[in-house]
Amino acid sequence: MRKTYDVVIIGAGIMGLMTARLLALQGQSVIILEKHHIGHMKAASSGLTRSIRCDYSDPFYAHLALQAQDLWRQFESDTGCNVYENCGLVNLASPTITSDLKQSYAVASQPILKLLGKSNPGWRLPDVFRTETFSFDKTGGILKFKIIRETLARQIASMPTVELAENVAIQKIDTDGKTVNVSPANGESWVAEKCVIAAGLWGADILRLIPAYAQLDYGLQIRSPKEVRYFDITPKRRNTYTTEMLPVFACLDMGVYGHPIVQGYTQYLKISHYWPPTGGKGTGTESQIDLFVKTFMPELAAMRSFPVTDADQCSYDYSQDGDFILGYPGEEKNILIATGWNGTAGKFAPVIAAFLADLTMNKAVNKEMAKRFDPQRFTGFGET
Ligand SMILES: Cc1cc2nc3c(=O)[nH]c(=O)nc-3n(C[C@H](O)[C@H](O)[C@H](O)COP(=O)(O)OP(=O)(O)OC[C@H]3O[C@@H](n4cnc5c(N)ncnc54)[C@H](O)[C@@H]3O)c2cc1C
C-alpha cells in the first residue's frame, strides 16, 4: 500500500530541515526528499560558518533578523547545542575604498543600530584593524552551520513522524489541488496533502516539473563567491584572532567579510569576497581580499593564506528585486516555494521555517512577510 504524508518537503538544506522539524513537533507526518545528501558541497547550507547580524539598512529585514536571533536562542535551549557565537560584527570603511564615507555601509548602518538599541558605543576597536570609521552590531556573530545541520539531522532521525529519503531523483510532480504526487525516475511515488519546495536555487526548476508552472521563471541570478581564503594565524597571535577577541568583520562597500577563528570549531580565519548582484565595486583585477587586508588588517599580509576548498563551494541565488521568494507560487494552496535568498537567508532560517510551517498548516502568518515575499509578484499568477 502506498504511504501518504501530511507534507512532502523537497530539499534537505537548512530551510527544508528546519521546516520539517517544526511540522513534526506539531504532529505532522513529513517526508523529506533530497537529491544528494544533507550538507553536500553544492548546497547553500554547506560549509562551517555563516554570519548573523541585524544591521540591515532596511528596517523590515533588521526586525526580522532580531526575531530570528531570538529563535536561534530558542533552538539552542531546545536542543542543548551552542550554535550562535555572539562575538559582534564590525563594519569598516576607508576613504581609499569609499571616497565619500557618508555613503559607506559603516556610516549608513549606524542609524538602524541606534534605533534598535543594538550598537555598543563603549565597544573598543581591536588593534588589528585600521579604519577611518566603523559601526558595531552587538548582535552580530557566527552561526555554526555544521553543528546546526548535524543537530537537525539527529533530531529528525529521532522523530517518529519524519522520514528522510536521500539520493532521490524526482522526475514528475502532479497535483489535483488536494494532494501532491511526487514521482522519482523509478520506484514508488510519494503522496502528500502539501508540498514545500525548499530546494534553494533549484526551487524554480522543481516547480517547472508541475505542468501549471512549466513556463515559470523568477529570473534568479546565480553567482558563486568570487574568492574565499583561509588565513593561518601564527601561534603567537592566534588568540587575538578568535571570537573571544575579534568580531565578524566586513567592508560591504567592497563585498568583503570575514570570520574570526571559533576555538574548537574552525582552524583558520576566513575572508570572503562575493560579487554584489549589481556588479558594484571590486570588479577590477586586484584581489579584493588583498586590498581589504592591505587597507584594514595589514598584519594579515604577512601570514600564510590559501584558497578555501573545504567549504563555501556553493552559490548565491539573487532575486530580481532583492527580496526573498516565499509562499504560494500560484493559486493552489498545497504547493509552497522558498527561494531567492540573496546570499543572506541563513540567519533568517528559523523565521522562514516558522512561516513555511504555519502556512502549510493554514495558520496565520506575518502579513508583511506574506506580501513582500509573495512569489506571485514576478509571475502575475493570481492577479485579477
Ligand atoms: C557562499 C555563501 C555564503 C553565505 N553566507 C551567508 C551568511 O554569512 N549569512 C547568512 O545569513 N546567509 C548566508 N548565505 C545564505 C544561506 O547560506 C542560504 O540562504 C541558505 O543556506 C539556503 O538554504 P536552503 O535550504 O534554501 O538551500 P540549500 O542549502 O541549497 O538546500 C537546498 C537542497 O535542495 C536539494 N535539491 C535540489 N534539487 C533537488 C531535487 N530535484 N530534489 C530533491 N532535492 C533537491 C539540494 O541538493 C540541497 O540540499 C550564504 C550563501 C552562500 C552560497
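The values are calculated or read from the model by the stated rules, or taken from the named source; none is laboratory data. Here the structure is a predicted model, which is why all the values come from computation and not from measurement. Methodologically, a virtual Cβ is constructed for each residue, glycine included, from the backbone with ideal geometry; neighbour enumeration extends over all protein chains shown.
Within segment 40-60, being surrounded by fewer than 18 Cβ atoms within 10 Å (Cβ to Cβ) and near the ligand (Cβ under 9 Å from one of its atoms) holds for 40, 42. Only one of 51, 29, 57, 46 is among the hydroxyl-bearing types (Ser, Thr, Tyr), at pLDDT 95 or above and out of contact with any strand residue (DSSP E or B) (no Cβ under 8 Å at 6 or more places or on another chain). Can you tell me which? Sole residue among the options that is among the hydroxyl-bearing types (Ser, Thr, Tyr), at pLDDT 95 or above and out of contact with any strand residue (DSSP E or B) (no Cβ under 8 Å at 6 or more places or on another chain): 46.
Counted as qualifying within segment 218-296 are no strands (runs of 3 or more DSSP E), as none has 2 or more residues that are modelled with pLDDT under 95, aliphatic (A, V, I, L, M) and within 21 Å of residue 133 (Cβ to Cβ).
Counting the residues of segment 154-207 that are assigned to a strand (DSSP E or B) and of a type in the set (Val, Ile, Thr) gives 9.
Residue-by-condition table, conditions (1) within 12 Å of the ligand (Cβ to nearest atom); (2) of a type in the set (Lys, Arg):
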position: 124; (1), (2): no, yes
position: 134; (1), (2): no, no
position: 140; (1), (2): yes, no
position: 151; (1), (2): no, no
position: 173; (1), (2): yes, no
position: 178; (1), (2): no, yes
position: 186; (1), (2): no, no
position: 192; (1), (2): no, no
position: 195; (1), (2): yes, no
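Scanning segment 164-192 for residues that are in contact with a helix residue (DSSP H, G or I) (Cβ under 9 Å, 6 or more places away or on another chain) and of a type outside the set (Val, Ile, Thr) yields a count of 2. Where strands (runs of 3 or more DSSP E) sit wholly within segment 70-151, those with at least 1 residues that are within 22 Å of the chain's Cα centre (by Cα), over 17 Å from residue 255 (Cβ atoms) and in contact (Cβ under 8 Å) with a residue 12 or more places away in the chain occupy 133-137, 141-144. Annotation for segment 9-26: at least one member residue is assigned to a strand (DSSP E or B) and either modelled with pLDDT of 95 or more or away from the ligand (no atom under 16 Å from the Cβ) (or both). Within segment 333-351, restricting attention to residues that are in contact with a strand residue (DSSP E or B) (Cβ under 6 Å, 6 or more places away or on another chain) and either hydrophobic (A, V, I, L, M, F, W, C) or within 15 Å of residue 216 (Cβ to Cβ) (or both), which residue is surrounded by the most Cβ atoms within 10 Å (Cβ to Cβ)? In this case the residue turns out to be 338. Look at (1) under 14 Å from the mean Cα position of the chain (by Cα); (2) closer than 21 Å to residue 180 by Cβ and you find that residue 343 fails only one, number (2).
Looking across segment 315-349, the residues that are over 30 Å from residue 227 (Cα atoms) and in a loop (DSSP other than H, G, I, E, B) come down to 328, 329, 330, 331, 332, 333, 334.
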